[in-house]
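Visitor: The structure is given below, and queries will be raised subsequently.
The values are calculated or read from the model by the stated rules, or taken from the named source; none is laboratory data. This structure is a prediction, so every number in the text was calculated from the model and none was measured. As a convention, Cβ positions derive from the backbone with ideal geometry for all residues, glycine included, and neighbour counts pool all protein chains shown. All accessible areas refer to the heavy atoms of the entire protein, side chains included, with ligands and DNA or RNA removed. Shrake-Rupley method; radii C 1.70, N 1.55, O 1.52, S 1.80 Å.
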Amino acid sequence: MTAKIDLFAAAPQLMKSWTSVSMAVAASLDTTIIELVKIRASQINGCANCINMHTQEAREKGETEQRIYLLSAWREAPCYSDRERAALGWTEALTRLSEGHGHDAAYQALKDHFTEEEQVKLTLMINVINGWNRLAVGFGLWVDPAAAKAAAQAAA
């Protein structure tokens, strides 16, 4: 796949700001939950670029193959904590807003396992990864994870 445009060349200042915000939000919560959320939203959105990148990052941060492989069936898999399940349920509810499903049960689980501050941080992370998914899918991006890491560090 060849990217339609170079986002960082087309809008360098905004992309630098977007990357900085993305990194700040990702650093605001538990790494395990952040990585699971990034992967799950990317699966829902069909973003091969982000699935590739975030599964590699999750492995580097200690996530197991089993939990990565079972993520699309997290409701039936016994290897996720209640807190992780609440985060995944909230991720799915917000990522699928256009499907018109109620999100009351997902919000209740979120409230049961996350403080109000954490709820906002998690919701921002869900928004960030959905934004990256749309940039990547929309513009046909395929970025080597090592190159993305280097670019993110340079933007910081």
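Visitor: With only alpha-carbon pairs counted, each pair once and no self-pairs, how large is the Kirkwood hydrodynamic radius of segment 1-149 in angstroms?
Guide: Taking the inverse mean of 1/r over all distinct Cα pairs, segment 1-149 comes out at 15.8 Å.
Visitor: Farthest toward the dipole's positive end in the chain, which of L88, L110, S98, given Cβ charges of +1 (Lys, Arg) and -1 (Asp, Glu) about the Cα centre?
Guide: Checking the options against the dipole of the chain, the answer is S98.
Visitor: Can you count the Lys pairs in the chain with C-alpha separation below 22 Å, eight or more apart or on different chains?
Guide: 13
Visitor: If you don't mind, another one. So if each residue of separation counts as 0.36 nm, and I subtract the Cα-Cα distance between A147 and Y107, what length gain in nm does that give?
Guide: Gain on extension, A147 to Y107, equals 10.8 nm.
Visitor: How large is the charge dipole for segment 39-114, taken about the Cα centre, if only the Cβ atoms of Lys, Arg (+1) and Asp, Glu (-1) carry charge, to the nearest 20 debye?
Guide: 40
Visitor: Counting only trypsin sites (Lys or Arg not before Pro) that sit in a DSSP loop (anything but H, G, I, E, B) with at most 12 other Cβ atoms within 10 Å, what is the longest stretch of the chain containing none of them?
Guide: 76-156
Visitor: Still on this model: Among L36, N127, C47, which residue has its Cα positioned farthest towards the positive end of the charge dipole of segment 1-145, with +1 placed on the Cβ of Lys and Arg, -1 on the Cβ of Asp and Glu, and the dipole taken about the Cα centre?
Guide: Going by the charge dipole, the pick is C47.
Visitor: For the chain, give the percent of accessible area contributed by carbon and sulfur heavy atoms, probe 1.4 Å, rounded to a whole number.
Guide: Carbon plus sulfur share of accessible area: 57 percent.
Visitor: Across segment 1-64, what fraction of all alpha-carbon pairs, as a whole percent, falls in each successive 5 Å bin from zero upward?
Guide: 3, 16, 19, 23, 22, 12, 4, 0
Visitor: Tell me what the chain gives for mean residue ellipticity at 222 nm when only DSSP H runs of n ≥ 4 count, each as -39,500 (n - 2.57), the sum divided by the residue total, rounded to 500 deg cm²/dmol.
Guide: Values: 9 runs with 111 residues, N = 156.
It lands at -22000 deg cm²/dmol.
Visitor: Which Cys in the chain stand alone, with every other cysteine's Cβ at 4.7 Å or more from theirs?
Guide: Here C79 come out as lacking a disulfide-compatible partner, given the Cβ-Cβ threshold of under 4.7 Å.
Visitor: Roughly how many debye, to the nearest 20, is the charge dipole of the chain about its Cα centre, given +1 on each Lys and Arg Cβ, -1 on each Asp and Glu Cβ, and no other charges?
Guide: With only Lys, Arg, Asp and Glu charged at Cβ, the dipole is about 380 debye.
Visitor: How large is ³J(HN,Hα) for each residue in segment 47-62, as worked out from phi by the Karplus curve 6.51 cos²θ - 1.76 cosθ + 1.60 (θ = phi - 60°), to whole Hz, x for Gly and Pro?
Guide: 9, 4, 4, 6, 4, 4, 5, 7, 5, 5, 4, 4, 4, 4, 8, x
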